[in-house]
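Everything below concerns the one structure shown next.
The values are calculated or read from the model by the stated rules, or taken from the named source; none is laboratory data. Remember, it's a predicted structure, so these values are computed and weren't measured experimentally. In this analysis, Cβ positions are derived from the backbone assuming ideal geometry, glycine residues included, and neighbour counts consider all displayed protein chains. Just so you know, the surface numbers come from the protein's heavy atoms only, side chains and all, with ligands and any DNA or RNA stripped out. Shrake-Rupley method; radii C 1.70, N 1.55, O 1.52, S 1.80 Å.
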Amino acid sequence: QVQLVESGGGLVQAGGSLRLSCAASGLTFSIYTMGWFRQAPGKEREFVGYISWSGGMTYYADSVKGRFTISRDNAKNTVYLQMNSLKPEDTAVYYCAAARNYGSTLRAEYNYWGQGTQVTVSS
């Protein structure tokens, strides 16, 4: 049974930082592209970024480029989302997801999803 478990969310002031983690089990983690998505209240789930299976390539949404960084540790079956210079509009539930492809911004391309972790940025 595949499980993706996010952690590290919380309340932070604007301009602050958080690091989210996503621990994976039940799959061969090192062959999956890992993505991060987020969903704000009343909005659709949107793409944040992804990292290739090797960690050699990352891609980000324009809204987070230069502020967020995705990394992974295949030995620990964990992917990270470092979020800096947070803004109130970054408030959302953040989800990690796993995909057996070369990387996609599309939700439908991801095979497995975590339950999400809440990030709230106060102004």
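Considering region 97-123 alone, what residues qualify as being assigned to a strand (DSSP E or B) and either among the β-branched types (Val, Ile, Thr) or surrounded by 13 or more Cβ atoms within 10 Å (Cβ to Cβ) (or both)? Walk me through it before giving the result.
Narrowing region 97-123 to residues assigned to a strand (DSSP E or B): 97-99, 112-113, 117-122.
Ala97, Ala98, Ala99, Tyr112, Trp113, Thr117, Val119, Thr120, Val121 - these are the residues of region 97-123 that are assigned to a strand (DSSP E or B) and either among the β-branched types (Val, Ile, Thr) or surrounded by 13 or more Cβ atoms within 10 Å (Cβ to Cβ) (or both).
Being out of contact with any Pro (no Cβ under 6 Å at 6 or more places or on another chain), within 20 Å of Arg107 (Cα to Cα) and open to solvent by 40 Å² or more (accessible area, probe 1.4 Å) narrows it down to one residue among Gln1, Gln13, Gln39; which is it? Full working, then the answer.
On the way: Gln1 fails: within 20 Å of Arg107 (Cα to Cα); Gln13 fails: within 20 Å of Arg107 (Cα to Cα).
Sole residue among the options that is out of contact with any Pro (no Cβ under 6 Å at 6 or more places or on another chain), within 20 Å of Arg107 (Cα to Cα) and open to solvent by 40 Å² or more (accessible area, probe 1.4 Å): Gln39.
Quick one: which of Tyr80, Tyr59, Tyr94 is buried (at least 21 other Cβ atoms within 10 Å of the Cβ) and either at negative phi or within 10 Å of the chain's Cα centre (by Cα) (or both)?
Details: Tyr80 fails: buried (at least 21 other Cβ atoms within 10 Å of the Cβ); Tyr59 fails: buried (at least 21 other Cβ atoms within 10 Å of the Cβ).
That would be Tyr94, the only listed residue that is buried (at least 21 other Cβ atoms within 10 Å of the Cβ) and either at negative phi or within 10 Å of the chain's Cα centre (by Cα) (or both).
Report the residue count in region 42-56 for those that are open to solvent by less than 70 Å² (accessible area, probe 1.4 Å) and not in a loop (DSSP other than H, G, I, E, B).
Counting residues in region 42-56 that are open to solvent by less than 70 Å² (accessible area, probe 1.4 Å) and not in a loop (DSSP other than H, G, I, E, B) gives 5.
Quick one: how many residues across region 102-121 are within 17 Å of Val64 (Cα to Cα) and of a type in the set (Ser, Thr, Tyr)?
3
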